[in-house]
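Structure record follows, encoded as structure tokens.
The values are calculated or read from the model by the stated rules, or taken from the named source; none is laboratory data. Note that the structure is a prediction, hence the values are computed from the model and not measured. When we count neighbours, we look across all protein chains shown, and the Cβ atoms used for this are built from the backbone with ideal geometry, even at glycine. Areas reflect the complete protein model, heavy atoms only, side chains present, ligands, DNA and RNA absent. Shrake-Rupley method; radii C 1.70, N 1.55, O 1.52, S 1.80 Å.
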Amino acid sequence: MIIFTLLLISVLVAACGNGESDSVEGVTEASADTGETKKLRISLGLNDKTPLYKSSEKFKELVEEKTDSLNVEIYHSGQLADDRSAIEMLQFGTLDITIPSTAPFTSFVPEYGVFDLPFTLKNTDVVDKVLQGKIGDELAEKASEQGVKQLAWWENGFRQLTNSKKSIKKLDDLNGLKVRTMENDIHLGAWKAMGANPTPMAFTELFTAMQQKTVDGQENPYPTILLEKYPEVQKYVTETNHIYSPFIFLISQKTWDGLTEEQQEIVESAALEAGEHNRKLSRETAASALEELKGQMEYSKVSDAELEKFRGAVKPVIEKYKESIGQDFVEKYLNEVNNAE
Ligand code: TK8
């Protein structure tokens, strides 16, 4: 009997594996110097139809064609974590890469809040000059103080408003509208100042909240609105371009430090090259998504004259949050924006 029990225990232990070196999918993690393949896991909030996912596949292709020592695995639709939790996992070293919007990252590095100041970035030419300039480098520097390394700027895009209640043509139409915002005080303050009734919420909870009508609306770029299937739960789409959101390609400092110099060079150049691909794809998709959405939703565009009232409403919010972001940094950013225009 004893022999049978010992045999049973040894079989059970073998079946469960030793546990120490296994990670998700039971693939052995190994450092580069053992010559085994190291897995780099990426957590994305958007689904596998979006430019973000397709650009991450481009990153995977670029890395794996240059080395056999790295293998990239992409987890989409927030399967592993929402944006903020994914950033925390990078800090702990339990996740390797995530590519969130800058807004939730402001809880870790407040200076990224400059991108949440409404109506400051007017078009993609200005965006590209500012992000590829010294402001972009300075922000990436600040990220590394939080245990994450920003390797590249990717693109979420210009944000537009959708809702299930009414067509939005003027500022007063926002009164009382329950708008989901990203988890970021500036967004909350801006939508309150415009008369809406905002609710901060992780992206992973958004679709259900719209389906159950716990929120009336949300704001995101056209590719997200179309490819995350918002026309199924939203009737109206309104062109506001109220904010430009970057995506930031973040890698855990712990992961980065565990790579050889050659692997670091491969990963960084792939993140930058895939970022070029991402910007192009994001802009093409935004144009085609708008045309498709016009056939699926009631489209309205706020006139430039009316947008001046939106800008006027959020001015006090911009003044208020200059403090929390850092007065000098905001002034430096706004100067960069003016120079780029
Ligand atoms: C996806 C989010 C999303 C963002 C939001 O992870 O939360 O609305 O625009 O793209 O980062």
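Some observations on this one:
- For segment 59-73, a residue qualifies if it is surrounded by fewer than 19 Cβ atoms within 10 Å (Cβ to Cβ) and touching a residue at least 24 places away in the same chain (Cβ under 8 Å), and the qualifying residues are Lys66, Thr67, Asp68, Asn71, Glu73.
- Selection count where residues are in contact with a Gly (Cβ under 9 Å, 6 or more places away or on another chain) and either open to solvent by 10 Å² or more (accessible area, probe 1.4 Å) or assigned to a helix (DSSP H, G or I) (or both), scope segment 86-101: 5
- Residue within segment 118-132 that is under 14 Å from the mean Cα position of the chain (by Cα), among the hydrophobic types (A, V, I, L, M, F, W, C) and more than 21 Å from Leu206 (Cβ to Cβ) present: no
- Single condition Glu219 does not satisfy, out of (1) part of a loop (DSSP other than H, G, I, E, B); (2) touching a strand residue (DSSP E or B) at 6+ places or on another chain (Cβ under 8 Å); (3) charged (D, E, K, R): (1)
- Residues located in segment 224-235, provided they are crowded, with 22+ Cβ neighbours inside 10 Å and not in a loop (DSSP other than H, G, I, E, B): Thr224, Ile225, Leu226, Tyr230
- Scanning segment 162-184 for residues that are under 30 Å from Leu272 (Cα atoms) and not β-branched (Val, Ile, Thr) gives Met182, Glu183, Asn184.
- Filtered by the rule that a residue be in contact with a helix residue (DSSP H, G or I) (Cβ under 7 Å, 6 or more places away or on another chain), open to solvent by 30 Å² or more (accessible area, probe 1.4 Å) and outside any loop (DSSP other than H, G, I, E, B), segment 39-58 gives Lys54, Lys58.
- Helices (runs of 4 or more DSSP H) completely within segment 236-341 that count 3 or more residues being crowded, with 20+ Cβ neighbours inside 10 Å and touching a Lys or Arg at 6+ places or on another chain (Cβ under 8 Å): 261-294
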